[in-house]
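Just below is one structure, and these are the notes that go with it.
Quick note: the coordinates plus some simple rules give every number you see, no bench work behind them. Since this is a predicted model, take the numbers as computed values, not measurements. FYI the Cβ positions are ideal-geometry reconstructions off the backbone, even for glycines, and counts take in every protein chain you see.
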């Protein structure tokens, strides 16, 4: 029974580390550099092929800005998973009070992320190009979001959805005078 518990914890850690790393568009090398954990160990952790030490978990959690307990949280029942947005990690903070929060993700067969974005007036988020073939869907709930792709601006207002290839550098910004709220779905192809 203990081996099953260890495997479940290792699987949860693997899922959390991989999800957090990909959400930040970090390579294995970047996570290794930020955490001080060898790239080989990161690969082993993400593959659920090792039982990392407490010290290793602490270094990885520090790199992500979370607690080790969050890395150890068991993976939810796959039939239905319900989570509160307040419990989701804030992975970007704007200079004027905005934020980007990763609400959830799946990896079957493609990697799909669901984000909540809140952009205060003047906030701007720049994103480097993602993996080739990546697409984003941005649906504006309130306000206006300007999406810039290849130096061309697209203004998306409340009730509108923009779909675009995210394998080009792109950015979101709020040029308006009110808070803009949006949800974003990111679809990253396997491989």
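A few notes on this one:
- Descending Cα extents along the principal axes, the chain, whole Å: 55, 32, 31
- Distance in nm between pseudo-label sites at residue 53 and residue 179 (7 Å out along the Cβ direction from Cα): 4.4
- Residue with peak Gaussian network fluctuation, the chain [Cα springs, cutoff 10 Å], from 83, 27, 53: 53
- All distinct Cα pairs of segment 86-191 go into the 1/r average, and the inverse of that average, the Kirkwood radius, is 13.8 Å.
- Rounded to 10°, Cα long-axis angle of helix 54-64 versus longest principal axis of the chain: 10
- Simple spin-label estimate for residue 150 and residue 72 in nanometres, 7 Å along Cα-Cβ: 4.9
- GNM top mover of 60, 82, 45 - the chain, alpha-carbon springs below 10 Å: 82
- Scattering curve values for segment 2-72, log₁₀ I(q)/I(0), Debye with Cα scatterers, q = 0.11, 0.26 Å⁻¹: -0.21, -1.26
- Residue-span extension gain [residue 142 to residue 38] - 0.36 nm each, minus C-alpha spacing: 33.1 nm
- In the chain, the longest principal axis of the Cα atoms and the axis of helix 2-23 are about 30 degrees apart.
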